[in-house]
Amino acid sequence: MKVNSGEFNPVRSKDNFLVFGAPAIEDDEIQEVVKSMKSGWLGTGPKVAQFGQDFASYKGASYAVAVNSGTAALHLSMIAAGIKPEDEVITTPLTFCSTVNAIIHAGATPVLADVDPYTMNIDPEQVEKHITSKTKAILPVHYAGRSCDMDSIVEIAEKHNLKIIEDCAHAIETEYKGQKAGTFGNFGCFSFYVTKNVITGEGGMVITKNEEDAARIKMLALHGMSKDAWKRFSDEGYKHYYVVECGFKYNMMDLQAAIGIHQLKRVESNWMRRKLNWDMYNEAFKDLPLTIPVPSEPATRHAYHLYTILIDEAKTGISRDGFLNAMTANNIGVGVHYLSIPEHPYYRENFGWKPEDFPNAMGIGRQTVSLPLSAKLTDEDVGDVIEAVTQLLTVFSK
Ligand SMILES: Cc1ncc(COP(=O)(O)O)c(C=O)c1O
């Protein structure tokens, strides 16, 4: 690759573009989807039930309810947690918009607490500072797959009688002191969006210890129709349903669960492949003028969902956005997780937030770049990413 000269040879060719977050899909998923298609039962049915059971047993959770997105999982958890208009819910400014939107959809007010600059997770001290008489819940996000400081968060929640709803969209495999992410509070919410560690295309899951909460979430996910309404067209004969609450259309399809069942079987081998990719990046980038993720905290298990580097123009000679463009020009897909929430006009206009009010999240959001990490990457793909990053930083930091 020659940057700044007339001649530019990208590290990869255009027809070999490395898609960011491309999922590792195998024949088992494909065959299971085909079976669903041939059976004629595409909607919510036995495969959704099986995927829920498999997921609950992987997480050691009492109950799991499959839904059609992580956003739906968060929204229904808010409702089941009893979050109402006038309530406040504290979350992080360094997250995907849907974390905050779920609070707003429940009619409540989101309150942001800045992140720790090193772990990039919500800072418990900041959480405590933002508690008011209206605070009803904390919504921590295990950013990139790194566990939040759950001892402190649980302690704060107990002290102030708050619910905990964990956003585990990045954190299927995450553990904290031997306990699995999503099992600390009232609800754990997962996403199976295409870039996630386990995928169903679109999809989500709520785990909980409480049987009544699980039943309510299942009912709310299907219009608020009474128990097992999805069976109404089954071979057990027609069943009437009754609408008992005004619910939503958030149910997962068997077609999606068909993918998830097989994805979940490979959750550990895919985790190992991503760890390998992660370790190769750490080794290759350790002497470059960029910031790599801090090591995992003792007694925790990182889910290795996002490998995020920080590009500080003063050190690298290239801006973050210039770096994103240069990686794309090398036919390597990259991501940004995330511009801090107050950078978006909707939240600034409706909540009066300014990025400067959350300086750690703002700084990270303006410098962060996510490199491809998926279990689909080959050693050669990882080598190409390393080559592109190394060459770019060598050329520009001179
Ligand atoms: C941190 C976080 N929360 C929530 C979500 C929402 O998940 P979904 O896209 O499945 O609705 C995502 C994923 O996109 C996410 O990364």
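Assorted remarks:
- Per-q log10 I(q)/I(0), the chain, q = 0.13 Å⁻¹ (Debye; single scatterer per alpha-carbon; no solvent): -1.10
- At R0 = 51 Å, FRET efficiency that the Cβ-Cβ distance of Lys84 and Thr394 yields, to 0.05: 0.40
- Pairwise FRET efficiency - Met272 versus Leu42, Cβ, R0 = 35 Å, nearest 0.05: 0.60
- Estimated from the Cβ-Cβ distance and a Förster radius of 56 angstrom, the FRET efficiency linking Glu245 and Asp27 is about 0.85.
- For the chain, accessible area per residue (1.4 Å probe, heavy atoms of protein chains only), Å²: 43
- Shown for the chain: the carbon plus sulfur share of the solvent-accessible area, taken with all protein chains present and a 1.4 angstrom probe, equals 53%.
- Amide H partners (placed H, <5 Å) of Thr300, local residues excluded: Lys177
- 4 °C / 1.567 mPa s Stokes-Einstein diffusion coefficient of region 267-398, Kirkwood radius on C-alpha pairs, µm²/s: 81
- Pairwise centroid distance, computed over Cα atoms, of region 145-187 with region 324-345, Å: 28
- Relative contact order (%) - criterion: Cα under 8 Å, at least six apart; region: region 312-398: 39
- Here's how it looks for Thr135: its modeled amide H is under 5 Å from those of Glu88, which are all 5 or more places away or on a different chain.
- Calculated [222 nm] ellipticity per residue, helices only, for the chain: -11500 deg cm²/dmol; basis is -39500 (n - 2.57) per DSSP H run with n ≥ 4, divided by all residues, nearest 500.
- Net charge contributed by nearby residues that have their C-beta within less than 12 Å of Thr99 (K/R +1, D/E -1): -2
- Taking the longest Cα principal axis of the chain as reference, the axis of helix 150-160 is set at about 50 degrees.
- Relative contact order (%) - criterion: Cα under 8 Å, at least six apart; region: region 1-94: 11
- Legend: residues Glu166, Glu158, Glu88, sorted from most to least accessible area (1.4 Å probe; ligands, DNA and RNA excluded), read Glu158, Glu88, Glu166.
- Near-label residues of region 95-122 by backbone N, under 14 Å of a point 7 Å along Cα→Cβ of Ser133: none
The values are calculated or read from the model by the stated rules, or taken from the named source; none is laboratory data. All of these numbers come straight from a predicted model, not from anything done at the bench. Please note: Cβ atoms are built from the backbone with ideal geometry, for glycine as well, and neighbour counts cover all protein chains shown. Note: accessible area is taken over every heavy atom of the protein model, side chains too, but ligands, DNA and RNA are not part of it. Shrake-Rupley method; radii C 1.70, N 1.55, O 1.52, S 1.80 Å.
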